[in-house]
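Asker: Have a look at this one before I ask anything.
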Amino acid sequence: MKIIAIIPAFNEESRIAAAVRDASSFVDGVVVVDDCSRDNTANAARMAGALVLRHAINRGQGAALQTATEFALRRLGAEIVVHFDADGQMQGSDIPAMVEPIRSGAADVVLGSRFLGKAVDMPASRRIVNRLAQWFTVAISGIRLTDTHCGFRALSRRAAQEMTITLDRMAHASQIQDLVVVKKLRYVERPVTIVYSAETLAKSESSMRAFGIVKDILKDKFFTRV
Amino acid sequence: MIFQIILVAFALFAVTRTVKQFRAQKVSLHWFLLWNGLWAVVIGVTLWPTSADFVAHLVGIGRGADLALYVTAVALSYSVFRLFVRQEETQREITKLVRKMAIADAEEPK
């Protein structure tokens, strides 16, 4: 089965190449969406062997994932799409185990879980916020997961086609879980290892962003027609 | 008293603007009558505040001024809500456009 890893990237010049190479060994192709970075992310990714798409305006991680998904499905004929991170927190070696349930036909969606696996040096504040997010997700989507905001996922072609991410920013993670329920897709969780480093923590958004996510989700549920 | 003068002056200003636009044939007669009618009501209610009480009583509100306030609050909330939805839709349209461009400009896969 043709496996395509998709990586949204924003100002990841220093880390993207390693992430692309890491993922490349376990997939048939890597698509990077450069979300209008101000640095040399696109070139670094291209040199590492990725197919690079570029957003002319920064639209957020959710939007970049959707762009990469559409490209992978339509132009590359992807049969499995793997969501991967640009910053090197995820391990490419987890990919085979992530796609296995789709290969065997046991699931349409495989969600990575840091808590089934290992979260190396994850700050306590992150753990608390994640626990709150877990409750929020149960309340909103009615789906009980051990890890609600791990970006590591694998989707079958059918699942990728059926789920359209419209929440452009960080709330897309909640939307994906929501869509799994709405579209009645079969899902499983698989353990993954996420390594936190001072560098990635400094760059990634603070836990306070969780409030923004909640706002986006509520807005989507109650205020939007499209 | 001062409040009444300011409000009437503003209403008259709005009326003169409309008259100007109507003369320049920028607005239709329909709009001209509707808009000026509205401001005429504003002037009337401002000069004789008790006149609105009659309407207020009809819908079970004590004073005309209260009625005006309630109607304004509801109208404003609704327009904010509309703007909110429009804004969200515009954002999504922009994303779609950016996505389309990104895919169209992508290098050909080997």
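The values are calculated or read from the model by the stated rules, or taken from the named source; none is laboratory data. Quick caveat, the model's predicted, so the values are computed rather than measured. Backbone-built Cβ (ideal geometry, glycine too); neighbour counts: all protein chains shown. Ligands, DNA and RNA are excluded from the accessible area calculation, which covers all protein heavy atoms including side chains. Shrake-Rupley method; radii C 1.70, N 1.55, O 1.52, S 1.80 Å.
Asker: Have a look at B:Leu33, B:Leu58, B:Leu12 and point out the one that is touching a residue at least 24 places away in the same chain (Cβ under 8 Å) and open to solvent by 80 Å² or more (accessible area, probe 1.4 Å). Show your work before the answer.
Answerer: Numbers: B:Leu33 fails: touching a residue at least 24 places away in the same chain (Cβ under 8 Å); B:Leu58 fails: touching a residue at least 24 places away in the same chain (Cβ under 8 Å).
Going through B:Leu33, B:Leu58, B:Leu12 in turn, just one is touching a residue at least 24 places away in the same chain (Cβ under 8 Å) and open to solvent by 80 Å² or more (accessible area, probe 1.4 Å): B:Leu12.
Asker: Taking the conditions exactly as written (surrounded by fewer than 19 Cβ atoms within 10 Å (Cβ to Cβ) and acidic (Asp, Glu)), does A:Asp85 satisfy them or not?
Answerer: Here the answer is no, as A:Asp85 does not meet what is asked.
Asker: Filter the range B:83-107 for residues that are open to solvent by 90 Å² or more (accessible area, probe 1.4 Å) and more than 27 Å from A:Val30 (Cβ to Cβ); which is modelled with the highest pLDDT?
Answerer: In this case the residue turns out to be B:Glu93.
Asker: Would you call A:Ala154 touching a helix residue (DSSP H, G or I) at 6+ places or on another chain (Cβ under 8 Å), buried (at least 20 other Cβ atoms within 10 Å of the Cβ), outside any helix (DSSP H, G or I) and modelled with pLDDT of 80 or more?
Answerer: Working: touching a helix residue (DSSP H, G or I) at 6+ places or on another chain (Cβ under 8 Å): yes; buried (at least 20 other Cβ atoms within 10 Å of the Cβ): yes; outside any helix (DSSP H, G or I): yes; modelled with pLDDT of 80 or more: yes.
The answer is yes for A:Ala154.
Asker: For the range A:28-71, give me each residue that is under 27 Å from A:Val99 (Cβ atoms) and among the hydroxyl-bearing types (Ser, Thr, Tyr).
Answerer: A:Thr41, A:Thr67, A:Thr69
Asker: Another one. Can B:Arg17 be described as out of contact with any helix residue (DSSP H, G or I) (no Cβ under 8 Å at 6 or more places or on another chain), of a type in the set (Lys, Arg), assigned to a helix (DSSP H, G or I) and over 30 Å from A:Asp35 (Cα atoms)? Outline the logic, then answer.
Answerer: On the way: out of contact with any helix residue (DSSP H, G or I) (no Cβ under 8 Å at 6 or more places or on another chain): yes; of a type in the set (Lys, Arg): yes; assigned to a helix (DSSP H, G or I): yes; over 30 Å from A:Asp35 (Cα atoms): yes.
Yes: the conditions hold for B:Arg17.
Asker: State the number of residues belonging to the range A:22-31 that are of a type in the set (Ser, Thr, Tyr) and assigned to a helix (DSSP H, G or I).
Answerer: 1
Asker: With the condition kept exactly as written, say whether any residue in the range B:38-60 is touching an Asp or Glu at 6+ places or on another chain (Cβ under 8 Å), away from chain A (no Cβ under 14 Å) and more than 30 Å from A:Leu76 (Cβ to Cβ). Show your work before the answer.
Answerer: Keep residues of the range B:38-60 that are touching an Asp or Glu at 6+ places or on another chain (Cβ under 8 Å), which gives B:56.
Right, trim to away from chain A (no Cβ under 14 Å) and you get B:56.
Those still in the list that are more than 30 Å from A:Leu76 (Cβ to Cβ) too: B:56.
Among the residues of the range B:38-60, at least one is touching an Asp or Glu at 6+ places or on another chain (Cβ under 8 Å), away from chain A (no Cβ under 14 Å) and more than 30 Å from A:Leu76 (Cβ to Cβ), which makes the answer yes.
Listed here are the residues, each with its yes/no results for (1) polar (S, T, N, Q); (2) on the phi < 0 side of the Ramachandran plot; (3) open to solvent by less than 20 Å² (accessible area, probe 1.4 Å).
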position	(1), (2), (3)
A:Arg15	no, yes, no
A:Arg21	no, yes, no
A:Ser24	yes, yes, no
A:Ile95	no, yes, yes
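Asker: Ok, one more. Can you list the helices (runs of 4 or more DSSP H) found entirely within the range A:32-144 that contain at least 3 residues being within 14 Å of another protein chain (Cβ to nearest Cβ) and small (Gly, Ala, Ser)?
Answerer: Result: A:61-74.
Asker: Regarding the range B:36-46, can at least one residue be identified that is surrounded by fewer than 11 Cβ atoms within 10 Å (Cβ to Cβ) and part of a helix (DSSP H, G or I)?
Answerer: Yes: one or more hits.
Asker: So for the range B:65-79 (the condition being open to solvent by 70 Å² or more (accessible area, probe 1.4 Å), within 14 Å of chain A (Cβ to nearest Cβ) and either among the aromatic types (Phe, Trp, Tyr) or under 24 Å from A:Ile217 (Cβ atoms) (or both)), does at least one residue qualify?
Answerer: Yes - at least one qualifying residue is present in the range B:65-79.
Asker: Right, next: Mind checking which residues of the range A:157-178 are touching a Leu at 6+ places or on another chain (Cβ under 9 Å) and surrounded by fewer than 20 Cβ atoms within 10 Å (Cβ to Cβ)?
Answerer: If the condition is that a residue be touching a Leu at 6+ places or on another chain (Cβ under 9 Å) and surrounded by fewer than 20 Cβ atoms within 10 Å (Cβ to Cβ), then A:Arg157, A:Arg158, A:Gln161, A:Glu162, A:Thr164 are the ones that fit.
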